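Here is the structure we will look at, set down as structure tokens.
The values are calculated or read from the model by the stated rules, or taken from the named source; none is laboratory data. Values in this document were obtained by computation on a predicted structure and should not be read as measured data. Every residue, glycine among them, receives a Cβ derived from its backbone with ideal geometry; neighbour counts consider all protein chains shown. Protein only, heavy atoms only, side chains kept; ligands, DNA and RNA dropped before computing areas. Shrake-Rupley method; radii C 1.70, N 1.55, O 1.52, S 1.80 Å.
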Amino acid sequence: MSLLKTRTLGSVAIVALALLAASVAPASVGGKLTGSQIQEYNAAATDSARAGWAVEQLRTFLADDPDTTHAILARRMIIRAMFTLNAPEKQIIGLIDSVGRTLPGEPQVVIFFYAQLAQDLMDRRMDKTKALEYARRAADALPKDQQYVPLSGMVYGILGRAQLASPRPDSAIASLRIAVSTSPDSQRVLAFLGQAYEKAKKPDLALEAYLHSLSIYLGKDTTAAAPLRALWRKKNGSLAGLDTALEKAKGESRRRVALDARKYERPAPGWSLTYLDKKPVSWDEFKGKVVVLDFWGSWCGPCRMELPIFQAVYERYKDKGVAFLGMNFERPVLGKDLRDLAREFMERNKYTFPVVVDHDQVATNAYNVSGFPTVYLVDKTGNIRYKNVGVSEGIETILQDQIESLLD
């Protein structure tokens, strides 16, 4: 059910198409689109130079009475192309309503179809009444099952945004609060919640929502910036104190996301191994230093994504009293020496961080590594302070903030 983990309003279109395409067959027989056709038509539908061509191709496909699922997908891409071509609003809405009457009873299909289109209408400042109608249809289709809770956050975020057009903001506040409860770090939902509070004449709550939106760690959405400045000036007579309030809020978000959520406190186990060049190395050599240990292997896809980041952080801090160790574990490859595998990988990618060979998993087991890559940060007293598993968004900034916290 990974499709239910959507947390940002901007990803609705992608998830909706992925959902409808989930059952696509590998060949276009029996009235079905191939995966490559879906990709091509979807890309063309958002390109003003090719959207007309996409509509023609998709209508030709629909004329052959295709499989129901693929027919819905084709019509959804036609609607997308109509937006791109700036077709008359009544024509677009008429097509949406026509397609809506053909939808199967599957909740996810109904939810994503109407949620995405409600958002599309609002993004293009089209019929507000229809946007609200479609958002409500998406909300009404939500099952009460616990597994749909993340999806409900997305839907209620869109519904709350649509309800902002109403003269009474109470319903918008209620919907957006539901969305925030499941997606507490959604910057756009928080910005809309701020607007709703402002409309309800609750400036203090509006300021709180705007500040929260702009202070989200690693966040890039600035929707709340202008209304925050305007409301702060209106309430306080000037912008004095705003920067301080923002920095405080950002610091709290940084601590919560980069530090507290990744805290892992235990003494760092000792070990005696060798570097890639067979030179002996012992954990005792790093006493009194901040140490970053990255457990990785060249066979590991996520490791290959993460190692350029590890290299960049290494280059930034290697001369600032921080020790970096790439703890390498290789899987056997017929006819290949494991050290050669690691050495060739390092040379091919021009990585220069020190590599400790752990092919017998001495340190891997001692540190209870359960997945690769895993990065531990150890403080100057020899205690592990942070644990980072896998590759997450903004990991380079997260590692830097963790290092800085140990150097303070």
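List of remarks:
- Residue that is surrounded by the most Cβ atoms within 10 Å (Cβ to Cβ), among those in the range 69-80 that are of a type outside the set (Lys, Arg) and under 18 Å from ALA138 (Cβ atoms): LEU73
- Failed condition for ARG168, given (1) surrounded by fewer than 16 Cβ atoms within 10 Å (Cβ to Cβ); (2) at pLDDT below 95; (3) in contact with a Phe, Trp or Tyr (Cβ under 9 Å, 6 or more places away or on another chain): (3)
- Boolean, ASP145 is of a type outside the set (Ser, Thr, Tyr), surrounded by fewer than 20 Cβ atoms within 10 Å (Cβ to Cβ) and more than 25 Å from LYS235 (Cα to Cα): yes
- For the range 107-133, a residue qualifies if it is within 15 Å of VAL155 (Cβ to Cβ) and open to solvent by 30 Å² or more (accessible area, probe 1.4 Å), and the qualifying residues are PRO107, MET122, LEU132, GLU133.
- SER238 small (Gly, Ala, Ser), assigned to a helix (DSSP H, G or I) and either more than 21 Å from the chain's Cα centre (by Cα) or under 25 Å from LEU121 (Cβ atoms) (or both): no
- Within the range 293-336, the set of residues being among the hydroxyl-bearing types (Ser, Thr, Tyr) and open to solvent by less than 10 Å² (accessible area, probe 1.4 Å) comprises TYR317 only.
- Residue within the range 81-94 that is open to solvent by 30 Å² or more (accessible area, probe 1.4 Å), at pLDDT 95 or above and among the small types (Gly, Ala, Ser) present: yes
- Any hit, the range 194-215, residues being surrounded by fewer than 23 Cβ atoms within 10 Å (Cβ to Cβ) and in contact with a Gly (Cβ under 6 Å, 6 or more places away or on another chain): no
- With respect to the conditions (1) within 24 Å of LEU399 (Cα to Cα); (2) touching a Leu at 6+ places or on another chain (Cβ under 7 Å); (3) not small (Gly, Ala, Ser), LEU207 falls short on a single one, namely (1).
- Only a single item in (1) more than 29 Å from ALA172 (Cβ to Cβ); (2) in contact with a helix residue (DSSP H, G or I) (Cβ under 6 Å, 6 or more places away or on another chain); (3) crowded, with 23+ Cβ neighbours inside 10 Å; (4) modelled with pLDDT under 95 is not met by LEU62, and it is number (3).
- Any hit, the range 137-146, residues being farther than 27 Å from ASN86 by Cβ, assigned to a helix (DSSP H, G or I), at pLDDT below 95 and of a type outside the set (A, V, I, L, M, F, W, C): yes
- Among the residues of this structure, SER370 does not count as one that is under 14 Å from ALA258 (Cβ atoms), of a type in the set (Gly, Ala, Ser) and surrounded by fewer than 17 Cβ atoms within 10 Å (Cβ to Cβ).
- ARG50 surrounded by fewer than 15 Cβ atoms within 10 Å (Cβ to Cβ) and among the charged types (D, E, K, R): no
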